[in-house]
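As structure tokens, the structure follows; a few thoughts come after it.
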Amino acid sequence: MTALALWATNIWSEDITRELSEAAMRELIAIGDEYETTHPQAHVPAAMRIGPEESYNLLGDPRPAAASFKSILLDRMERLATIEGFLGTQKFEAVTTLRRFGRGEYAKPHNHRSVDYVAVLWLSLEITDDGANMHQHPAGNRLHLIDPIAARSRFLNHGMLHAIRPVPGLFVIHPAHVFHTSEINLGGEDTVALVTNMLISTES
């Protein structure tokens, strides 16, 4: 039995390069870097920020690449909400930011308890051959969705997870309560992605 069979959840995973071109992904990186420069505290916990809260939402940017991504995000969330059994008209609140992981960096195991879903779109990363099946070799860019029961106890099998090998253009949506992590980036290029936190509600 796989971890996915144990979870009462759905995971959306799709290559969206037919709808979002390589040029559009480059534009999204440039737009995201622009916002990151002007919002240096964006990824610092609110309680630890210096001065007023600094945050941003790429979904509010009017440029074509951001508008295209917003349209794709809404379409996929509507489909996923249908699969998940939401009734009535869905209302989504979403915030998208850019994340970079340089050499030696990774996302520690965490979840997003304050929202309902997390979406990740990989824009750029080092593509390497891990056919030798060596842990974190050579670039270590896989995303791991960890079984929530195994995540709570050191006595259970932490191998109970679903590993996703990203490539540019891969778009993944998963419930925010699921613990997730990434392998250490051992490559020479930054791993660049858009991360979206989403709340969903229904209106009868």
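The values are calculated or read from the model by the stated rules, or taken from the named source; none is laboratory data. Everything quoted here is computed from the prediction, not taken from an experiment. Here the Cβ is made from the backbone with ideal geometry for all residues, glycine too, and neighbour counts use every protein chain on show.
Counting just the residues of region 80-116 that are in contact with a Leu (Cβ under 6 Å, 6 or more places away or on another chain) and among the acidic types (Asp, Glu), which one comes out surrounded by the fewest Cβ atoms within 10 Å (Cβ to Cβ)?
GLU93
How do the helices (runs of 4 or more DSSP H) wholly within region 1-116 filter down when requiring 2 or more residues that are at pLDDT 85 or above: which remain?
In region 1-116, the matching helices (runs of 4 or more DSSP H) lie at 22-38, 64-83.
Taking ASP190 and the conditions (1) at pLDDT below 80; (2) surrounded by 12 or more Cβ atoms within 10 Å (Cβ to Cβ); (3) closer than 30 Å to SER68 by Cβ, which numbered condition does it fall short on, given that it satisfies the others?
(1)
Only residues that are buried (at least 16 other Cβ atoms within 10 Å of the Cβ) and not hydroxyl-bearing (Ser, Thr, Tyr): list them for region 58-75, please.
LEU58, LEU59, ASP61, ALA65, ALA66, PHE69, LYS70, ILE72, LEU73
Which of the strands (runs of 3 or more DSSP E) found entirely inside region 165-204 contain at least 2 residues meeting this: more than 16 Å from the chain's Cα centre (by Cα)?
191-203
Residue check, TRP122 against (1) surrounded by fewer than 16 Cβ atoms within 10 Å (Cβ to Cβ); (2) closer than 15 Å to ARG165 by Cβ; (3) modelled with pLDDT of 90 or more, all met but one. Which one?
Just one mismatch for TRP122, condition (1).
Could you list all residues from region 32-68 that are more than 20 Å from GLU78 (Cα to Cα) and touching a residue at least 60 places away in the same chain (Cβ under 8 Å)?
Passing the criteria: GLY32, ASP33, TYR35, GLU36.
Return a yes/no flag: does region 73-89 have any residue that is in contact with a helix residue (DSSP H, G or I) (Cβ under 9 Å, 6 or more places away or on another chain), on the phi < 0 side of the Ramachandran plot and without any contact (Cβ under 8 Å) to a residue 24 or more places away in the chain.
No, there is no match, as no residue in region 73-89 is in contact with a helix residue (DSSP H, G or I) (Cβ under 9 Å, 6 or more places away or on another chain), on the phi < 0 side of the Ramachandran plot and without any contact (Cβ under 8 Å) to a residue 24 or more places away in the chain.
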